1. Take the Cα coordinates of region 129-170, assign each an equal point scatterer, and use the Debye formula without solvent to give log10 I(q)/I(0) at q = 0.15, 0.17 Å⁻¹.
2. Using DSSP H assignments, which helices in the chain have an axial alpha-carbon span of 15 Å or above and a mean Kyte-Doolittle hydropathy of -1.0 or higher?
3. How many percent of DSSP beta bridges within the chain run antiparallel, rounded to 5?
4. Kirkwood hydrodynamic radius, computed over distinct alpha-carbon pairs, for the chain: how many Å, to one decimal?
5. Give the whole-number value, in cubic angstrom per residue, of the convex hull volume spanned by the C-alpha atoms of region 65-152.
6. Per residue of the chain, what 222 nm ellipticity follows from adding -39500 (n - 2.57) for every DSSP H run with n ≥ 4, rounded to the nearest 500?
7. Does region 135-213 classify as rounded, prolate or oblate by the C-alpha gyration tensor (a ≥ b ≥ c root eigenvalues; a/c under 1.5 gives rounded; else a/b over b/c gives prolate, otherwise oblate)?
8. Where a Cα-Cα gap under 17 Å defines reach, which aspartates and glutamates qualify for Lys184, not counting those fewer than 8 residues away within the same chain?
Amino acid sequence: MIDIHTHILPGIDDGAGSLEEALELAEQAVRNGIRTVVATPHHYARGYYSDAEQIKLDTSKLNDELYKRNIPLEVLTGQEVRVYDRLLEDLEAGQLATIASSPYLLVEFPSSNVPSQVDELFHELRLLDVTPIIAHPERNRELADNHDLLEQLVEAGALAQLTSSSVCGTMGRKLQKLSLEMCKRGLVHFVASDAHHAKTRPFDLAQGYEAIGKHLGQAFVDYYQLNAERVIGGHSIHREIPAAKRRFIFW
Ligand SMILES: [Fe+2]
């Protein structure tokens with residue numbers, strides 16, 4: 001499996017605090033059935049800033065350590081970029097890291113609302129041939145309350161990534177129900193762990209896919225897994241969602 005949203009790089013944000021913690025996370029990822037992760041440190045959120053060059057260096061160092069220890073996990077570069085005023089300029093200057101150097105950028109909104117400049121920002125990104133992937137829309141209050149708004153962003157070309165812990169039910173039944181609704185409506189294109197720490201915010205991607213398989217059917221699992229594979233390869237994403245498993249009532 002491929003996990004496109006993780007905070008595995010040590011000492012760069014609120015994810016792994018040290019190399020030991022990063023290795024513990026890596027071993028956990030492997031046990032969870034993951035072979036490739038995208039490191040997506042925060043940028044412009046929670047007081048953390050990260051730089052594309054630093055991310056490249058740190059990723060390469062972590063890959064060396066994994067290789068030395070025979071941990072079969074590959075780490076790719078990426079970043080979780082909060083919407084901010086100079087985002088486009090910084091992207092054009094090469095200071096932001098897209099997912100595995102592909103034309104996909106993981107974009108985060110504040111938890112309370114959708115910033116007013118998003119429509120224009122996403123339009124400008126598309127003009128640069130960069131597709132924004134909205135990180136965890138289910139955890140944004142405005143999008144959670146108004147799926148039509150998320151639908152508008154998706155119809156305008158954005159993609160969205162759901163968090164595995166949300167769909168598993170570990171964050172509560174309400175969030176699980178909301179997550180499944182988003183999936184059924186075709187507003188989700190990826191599932192990722194957003195793992196930060198082996199104990200407090202672990203890798204649980206396998207559990208997320210298991211919940212999706214149980215509630216929506218294997219076709220959804222295959223669809224999300226294929227999209228993750230395509231995004232790291234820089235390929236286009238299939239937007240047509242599989243039909244949700246229907247319940248038949250026999251009279
Ligand atoms: Fe994150």
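No lab work stands behind these numbers, since they all come straight from the coordinates. Everything numeric here is computed off the predicted structure, so don't read it as measured data.
1. Each listed q maps to, in turn, -0.37, -0.47.
2. Details: long enough: 19-31 (18 Å, -0.08); 52-68 (24 Å, -1.05); 173-184 (16 Å, -0.68); 205-216 (16 Å, -0.04); 218-232 (22 Å, -0.10).
Flagged H segments are 19-31, 173-184, 205-216, 218-232.
3. On the way: 2 of 25 bridges.
Antiparallel bridges: around 10 percent, rounded to the nearest 5.
4. On the way: mean 1/r = 0.0551 Å⁻¹.
Roughly 18.1 Å, rounded to one decimal.
5. On the way: hull volume 10.7 nm³, N = 88.
It comes to 122 Å³ per residue, whole-number rounded.
6. Working: 10 runs with 104 residues, N = 251.
Helices in the chain give a 222 nm mean residue ellipticity of -12500 deg cm²/dmol.
7. Prolate is the answer for region 135-213, as a/c is 1.5 or above and a/b outweighs b/c.
8. Filter leaves Glu138, Asp145, Asp148, Glu151, Glu155, Glu210, Asp222, Glu240.
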